[in-house]
Structure formats: structure tokens, C-alpha cells
1. Return the total of residues in the range 101-141 being in a loop (DSSP other than H, G, I, E, B), of a type in the set (Val, Ile, Thr) and free of Cβ contacts under 8 Å to residues at least 60 places away in the same chain.
2. Filter the range 154-168 for residues that are in contact (Cβ under 8 Å) with a residue 12 or more places away in the chain and not in a loop (DSSP other than H, G, I, E, B); which is nearest to the ligand (Cβ to nearest atom)?
3. Report yes if residue 144 is among the β-branched types (Val, Ile, Thr), open to solvent by less than 10 Å² (accessible area, probe 1.4 Å), in a strand (DSSP E or B) and within 20 Å of residue 51 (Cβ to Cβ), otherwise no.
4. For the range 74-107, give me each residue that is closer than 15 Å to residue 123 by Cα and hydroxyl-bearing (Ser, Thr, Tyr).
5. Hey, among 171, 114, which residue is surrounded by 15 or more Cβ atoms within 10 Å (Cβ to Cβ), over 30 Å from residue 41 (Cβ atoms) and away from the ligand (no atom under 12 Å from the Cβ)?
6. Output the residues belonging to the range 67-100 that are under 19 Å from residue 184 (Cβ atoms) and either assigned to a strand (DSSP E or B) or touching a Phe, Trp or Tyr at 6+ places or on another chain (Cβ under 6 Å) (or both).
7. Within the range 174-209, how many residues turn out to be surrounded by fewer than 22 Cβ atoms within 10 Å (Cβ to Cβ), away from the ligand (no atom under 16 Å from the Cβ) and under 22 Å from residue 91 (Cβ atoms)?
8. So, of the residues in the range 252-277 that are open to solvent by less than 60 Å² (accessible area, probe 1.4 Å) and touching a residue at least 12 places away in the same chain (Cβ under 8 Å), which turns out to be farthest from residue 58 (Cα to Cα)?
Amino acid sequence: MRPIQMVDTRTQYEHIKKEVDAAIQDVLNSAAYINGKAVQDFAASLSQYLGVKHVIPCANGTDALQIAMMALGLQPGDEVITPSFTYIATTEVVALLKLTPVFVEVDPKTFCIDPEAIRKAITSKTKAIVPVHLYGHAAPMEEILAIAKEFNLYVIEDNAQAIGCDYTFSDGTVKKTGTMGTIGATSFYPSKNLGAYGDGGAIFTNNDALAKQLKMVANHGQQKRYYHEVVGCNSRLDTIQAAILNIKLGKLDAYNAARQSVADFYNKAFAGNAKIITPFVAA
Ligand SMILES: Cc1ncc(COP(=O)(O)O)c(C=O)c1O
């Protein structure tokens, strides 16, 4: 018997081996290991793919969320609304920055945050909402953005599990997840939709001033070398990972479609089994 892997990154690599090996070799030849050309190229390609003005690469998805909250100037005691069901990173960074996580329920069908529960959780201390796009479903952004506007709150989209996903507004406008809130954060962990061969992450925003702040926080709080304006961190996307991601970005839609067809296969195969509840699939 052969175990079935959740994501078969090895076979995926075999299909793109030539391109990937050559790209890694290019980075080694260039000796530009930190912030090399591939990092800027990848940021530019991803920004075009997503239709978002700024993509700031960083070291992983957890850092992306932390940098977002630091760049927004959230202060200890500020309340951040997060779903009660998500990966630990979403709330871990809230606690790390001494902000107060306020957990709200998710929709049991989609596992995404429930807008009505958000509304009930808002207090005078609430500063931000962190919707998480999970398991192939986009969080209900239209409702979330309306609540954020009404109460003047930031929206930080945790897009770690949803890169390449489209969200359609009621007027027919389509946007990529991660690009609708104040800031979007994503992860390039190897098993993610767009996975590196190591750690990686990125932050998205359409706001120029915020982009400057995000870049500064991710780079030791400096814009100019050795001039540290704020407390920041050291969070960089590795150049070799960027070179790999550049290749895989061109295949992201195909990878997402392949995941969907595998999910359809399992859903159909288990449909008649009374002991298994197959996941809800939004129309
Ligand atoms: C929803 C969610 N948010 C954040 C992260 C953190 O990403 P990383 O592992 O790159 O730090 C993950 C990764 O699994 C995730 O699934």
C-alpha cells in the first residue's frame, strides 16, 4: 500500500525540474543571495497577477501578519477580531504584539468568519478584523468591508491558504483574495497553493504610505541604511525561493484547478457514504 500525500511536492518538482534547477543555478552564479533580482522580479509579477499595487516579500506568512499589525501602529490593548477557527499564526501574532485577540465564530459550512458575529464583538477598543480565507472559500469580504467602513476598522486578510482565489462582489466585480482589505498577508510554505521549497511570505496593499511603512518594518525599521526610524524586524524572502516562486507563479492557476479536480473526485467518491460528511462547496 502507498500512503497518499496531502500535497505531492516531489512529483510537482519533477515536472518543473529543468526550469527550477536552472533558476537556482542562476542565483548561485549571481552570488546575490540576499534581496537578489529574483526577489524584485517575483514581487512585480505577483503584484501584476493579483492586481494589487504593492507586494512586499518577507520570510513567512506569520511574519507577514506580524509586520502588517506593526505597520498599522496597533498598540497593546487594541482589540483584533479573529476567527475562532484558523491556524495558530493568525492569533499568535496578535498575542505576541500584546494586542487583544477577540475570537468570533465561523460559519460551520465554510469555516470562514461570520460577519454577524463580528458585528456583535465590536467594542470601543476594536481596531482591526482579520478574516481568514480557508479551505477553498473566500471569507464574506463584501459584508466584512462594509462593517469595517462603518466602524472605521482595518482589515488584514490572512490569505495564506487562498492565493489565486477570486472573490465576486454582488455588483459582479471580481477581486483576488488578499487584495481587498487594508493589507493582505500570505505564506509560501511548501504545501500552500503557491509553495516555495522552504519558507516564504508576502504582504499586499494598495496604499502607498502603508507600503512604505511595511517595507520599513520588514527591514529593521529602516528606509535608509543604518537609519532606524521605528522598531522593525528582519524578514526577507530568500532569493533562491523567489526564483522558484517566479516559475511556480506562472502555473498557479493550473495548480489550483488541479486541487479543485482532486477535491471533486473525493467529494463524488464519498458522496454516498453515510459516515462521511463531504465539505460544503459554494456555488
Ligand atoms: C491560515 C494561515 N495563516 C498563517 C499561516 C502562517 O504561514 P507560515 O507557516 O508561512 O508562517 C498559515 C500557515 O500554515 C496558515 O495556514
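The values are calculated or read from the model by the stated rules, or taken from the named source; none is laboratory data. Just so you know, these numbers come straight off a predicted model, no measurement behind them. Here Cβ is always computed from backbone atoms with ideal geometry, including for glycine, and neighbour counts include all displayed protein chains. Heads up: the accessible areas ignore ligands, DNA and RNA and are worked out on the full protein's heavy atoms, side chains in. Shrake-Rupley method; radii C 1.70, N 1.55, O 1.52, S 1.80 Å.
1. Filtering the range 101-141 for residues in a loop (DSSP other than H, G, I, E, B) gives 105, 107-112, 114, 122-125, 130-131, 133, 135-136, 138-140.
Filter again for of a type in the set (Val, Ile, Thr), leaving 110, 122-123, 130.
Retained after the next criterion (residues that are free of Cβ contacts under 8 Å to residues at least 60 places away in the same chain): 122-123.
Selection size over the range 101-141: 2.
2. Ranking the qualifying residues of the range 154-168, first place goes to 158.
3. Numbers: among the β-branched types (Val, Ile, Thr): yes; open to solvent by less than 10 Å² (accessible area, probe 1.4 Å): yes; in a strand (DSSP E or B): no; within 20 Å of residue 51 (Cβ to Cβ): yes.
Considered against the rule, which asks whether it is among the β-branched types (Val, Ile, Thr), open to solvent by less than 10 Å² (accessible area, probe 1.4 Å), in a strand (DSSP E or B) and within 20 Å of residue 51 (Cβ to Cβ), residue 144 comes out as no.
4. Those that are closer than 15 Å to residue 123 by Cα and hydroxyl-bearing (Ser, Thr, Tyr): 82, 100.
5. Numbers: 171 fails: surrounded by 15 or more Cβ atoms within 10 Å (Cβ to Cβ).
Checking each option against the conditions leaves just 114.
6. Of everything in the range 67-100, those that are under 19 Å from residue 184 (Cβ atoms) and either assigned to a strand (DSSP E or B) or touching a Phe, Trp or Tyr at 6+ places or on another chain (Cβ under 6 Å) (or both) turn out to be 72, 80, 81, 82, 83.
7. 1
8. Quick first cut of the range 252-277, residues open to solvent by less than 60 Å² (accessible area, probe 1.4 Å) only: 252, 255-258, 263, 267.
In the following step, the residues that additionally are touching a residue at least 12 places away in the same chain (Cβ under 8 Å) were identified as 252, 255-256, 263, 267.
On the way: 252: 19, 255: 23, 256: 23, 263: 30, 267: 36 Å.
This residue is 267.
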